[in-house]
Amino acid sequence: MVRFTVLASGSRGNSTVISGGHTRILVDAGLSCRELFRRMRLAGEEPETLDAIVITHEHQDHINGLAVTARKLGIPVYFTEGTHRAWMRWIAPRRQMTYAQWLEYCRKQSAGQQAEVDAQAVEAEPDDHECEAGAATPTPPSEAAAGQDSEEPPARKEDPTWLPAVEYFQAGRAFEIGGIQLSPFTIPHDAADPVGFVFRAEGVRMGFATDLGYIPPNVKAQLKGVDLLLLESNHDLEMLRDGPYPWAVKQRVLSRVGHLSNEAAAEFLENGYDGQAAYVILAHLSENNNLPELARVAAERALNGRASLLANRLLLAAQHEPLSPIDF
């Protein structure tokens, strides 16, 4: 059986469980670990059965509970390399050094290196055995500036970026996690290396495209022939323009690396979508700049304008409760 369960979708947190055969993956972990587990159980999914976490991009509403969840379950996390690096920079911010701190760090580093050379001339240091056993790499200079007197790496529990396992993937190159095939594709968003996906399990294809400022040709091509389509319908244009956000934020949302409006989603459903999906899910609706009714009406008009699409079932993903699981 193939199952698609949206646990949460919106600016406060995003997460979806996709099951195929004996494989279950969590796409994004934008809620706290406790809330993710609670919602999974509400939807009839057991957190302990998850095999991996897959991340679309590093914005907080997609990675807020990532580290705790991965550690709790002891499962690998799949990123693009750019997203992983951006996540690490976000989760462990570095303090800047003053010139005096930099000079002091250089002095200590030089003294430490000389002492190591002298010691190695006599006998190997005990630390060598730790390195052979797979000890973490030494703390970089920026961490030393944060007040660490020792050059020793932090313990795992003290390292906020530590994960049980990290796997990299690249947009444009399909890969598999157990019984689920994932085809990542590049999307236009203001993140390091954001991606959407087409998931395939037991012959069922599920398209996943949120957090994109517009729908370029490569995304349109990827979303053809899917059995389920999850598509962003973030904001109503008039509500956003008249709403409470600062002008700079409005410009970001409206930009080609921002978020998809109801109107843009409807235009795609009317003119760029092939109508093959049994389910169309509108996702990532803004709580401040959209109303579910507005998103639904815009999409329904687009779908009803084409007789071949009348059989599509239209659903809206919510922020505060999971969507009922969709089984194939």
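Could you say whether any residue in segment 252-260 is over 23 Å from the mean Cα position of the chain (by Cα) and either modelled with pLDDT of 95 or more or of a type in the set (Gly, Ala, Ser) (or both)? First the steps, then the outcome.
Residues of segment 252-260 over 23 Å from the mean Cα position of the chain (by Cα): none.
Within segment 252-260, none of the residues are over 23 Å from the mean Cα position of the chain (by Cα) and either modelled with pLDDT of 95 or more or of a type in the set (Gly, Ala, Ser) (or both).
Residue by residue, here is whether (1) touching a helix residue (DSSP H, G or I) at 6+ places or on another chain (Cβ under 6 Å); (2) over 21 Å from Ala302 (Cα atoms) holds:
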| position | (1), (2) |
| --- | --- |
| Leu182 | no, yes |
| Phe185 | yes, yes |
| Ala191 | no, yes |
| Pro194 | no, yes |
| Ala201 | no, yes |
| Gly207 | no, no |
| Glu232 | no, no |
| Asp242 | no, yes |
Query raised in the report: Within segment 22-39, is there a residue that is farther than 26 Å from Ala165 by Cβ and at pLDDT below 95?
Result: no
Report task. Sort through Thr83, Thr69 and tell me the only one that's part of a helix (DSSP H, G or I), without any contact (Cβ under 8 Å) to a residue 60 or more places away in the chain and either surrounded by 22 or more Cβ atoms within 10 Å (Cβ to Cβ) or touching a Gly at 6+ places or on another chain (Cβ under 7 Å) (or both). Result -> Thr69
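Would you say Val297 is surrounded by fewer than 16 Cβ atoms within 10 Å (Cβ to Cβ) and assigned by TED's automatic domain parsing to the domain that holds Arg12? Outline the logic, then answer.
Numbers: surrounded by fewer than 16 Cβ atoms within 10 Å (Cβ to Cβ): yes; assigned by TED's automatic domain parsing to the domain that holds Arg12: yes.
The answer is yes for Val297.
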Requested in this report: Among the residues of segment 235-284, write down those that are within 26 Å of His320 (Cα to Cα), polar (S, T, N, Q) and out of contact with any Ser or Thr (no Cβ under 7 Å at 6 or more places or on another chain).
Outcome: Ser261
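Would you mind stating whether Thr16 is modelled with pLDDT of 95 or more, of a type in the set (Ser, Thr, Tyr) and not in a loop (DSSP other than H, G, I, E, B)? Break it down into steps so the answer makes sense when it comes.
Details: modelled with pLDDT of 95 or more: yes; of a type in the set (Ser, Thr, Tyr): yes; not in a loop (DSSP other than H, G, I, E, B): yes.
Answer is yes for this residue.
For every residue, the table says whether it meets (1) of a type in the set (Ser, Thr, Tyr); (2) surrounded by fewer than 24 Cβ atoms within 10 Å (Cβ to Cβ).
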residue	(1), (2)
Phe199	no, no
Thr210	yes, no
Val249	no, yes
Leu254	no, yes
Ala264	no, yes
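Could you pull out the residue among Val249, Val195, Val166 that is more than 24 Å from Leu314 (Cα to Cα), modelled with pLDDT of 95 or more and within 17 Å of the chain's Cα centre (by Cα)? Spell out the reasoning first.
On the way: Val249 fails: within 17 Å of the chain's Cα centre (by Cα); Val195 fails: more than 24 Å from Leu314 (Cα to Cα).
None of the others qualify; the one that does is Val166.
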**Report entry** Leading residue by the ranking (nearest to Leu269 (Cα to Cα)) among those in segment 186-220 that are among the charged types (D, E, K, R) and assigned to a loop (DSSP other than H, G, I, E, B)
**Finding:** Asp211
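The values are calculated or read from the model by the stated rules, or taken from the named source; none is laboratory data. Just so we're clear, the structure is a prediction, and the values are computed from it rather than from any experiment. Virtual Cβ from ideal backbone geometry, glycine too; neighbours counted across all protein chains shown.
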